[in-house]
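Below is one structure, written out as structure tokens; comments come after it.
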Amino acid sequence: MPDTLRATFKLLFFIGLIAVEVIRFPHRMRNKRERQQKRLASERVTGAQIALDMLAFTGMEVIPLIYVLTPWFNFADYELPVWVGGLGVIALASALGLLWRAHADLGRNWSPTLEITPEHALVTRGVYRSIRHPIYTAVWLLNLAQALLLHNWIAGLAGLVLFLPVYLARVPREEQMMLEHFGEEYRSYMNRTGRLIPRLSR
Ligand code: SAH
């Protein structure tokens, strides 16, 4: 693949990372503001959770940024056909669209950590109608885009590899927390939705 295309794919992924931060920014700010205003009804932040967040951040932002902005990982580059990068662009665009939509649907119930606020409402509309964790679906799509756009053993695979333990540790705890708080309402919601993709059979 010509160097200019390799550079273009790197640039597109870099722009994608900035777009992720732009989508999350207003939600982060609101969460911070409200966190100061009222005590949380239930918040589950442990040292292990912080370590997992750092792991995901390293794989999905630190390592790809080092790759895009420095030549340090270039020794681990490999060749892939151009159409693979094309698929990466589609994955990236889908990830951003879904991420934006899910944040809009979750609204003030969004939080960076696992927490239930005093006026927490169970969201079952928009993309949450058929998927329980559309934000995590978007993150997997983003990791896939990273692998398809950055043709490098370290930077391309870091997101997929480092997000996996984070995902596996977080989702059961999140669903347990939702079940404890919303009970039957969440159980029946689980029965009609899929975790990452819509359920085929009802
Ligand atoms: N797992 C979801 C949400 C991630 S944000 C997703 O991938 O889209 C994490 C917070 O969202 C958790 O603290 C939880 O309180 C909240 N949350 C998750 N699912 C929710 C739902 N259906 N309705 C309301 N809040 C939800």
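The values are calculated or read from the model by the stated rules, or taken from the named source; none is laboratory data. Model, not experiment: these values are computed from the prediction. Every residue, glycine as well, gets a Cβ built from its backbone with ideal geometry; the counts of neighbours run over all protein chains shown. Accessible surface is based on the protein model in full, side chains and every heavy atom, while ligands, DNA and RNA are left aside. Shrake-Rupley method; radii C 1.70, N 1.55, O 1.52, S 1.80 Å.
Confirm whether residue 108 is open to solvent by 50 Å² or more (accessible area, probe 1.4 Å), among the basic types (Lys, Arg), at pLDDT 95 or above and within 16 Å of the ligand (Cβ to nearest atom).
no
As an exercise: evaluate residue 115 against (1) of a type in the set (D, E, K, R); (2) assigned to a loop (DSSP other than H, G, I, E, B); (3) open to solvent by less than 20 Å² (accessible area, probe 1.4 Å) and give the number of the one condition it does not meet.
Residue 115 satisfies every listed condition except (2).
Tell me the residue from 185, 180, 119 that is modelled with pLDDT under 95, over 17 Å from the mean Cα position of the chain (by Cα) and within 12 Å of the ligand (Cβ to nearest atom), please.
None of the others qualify; the one that does is 119.
Determine which single condition residue 158 fails, assuming it passes every other condition in (1) at pLDDT 95 or above; (2) closer than 29 Å to residue 89 by Cα; (3) touching a strand residue (DSSP E or B) at 6+ places or on another chain (Cβ under 8 Å).
Failing condition for residue 158: (3).
Can you tell me which residues in the range 123-176 are more than 17 Å from the chain's Cα centre (by Cα) and of a type in the set (Ser, Thr, Tyr)?
124, 130
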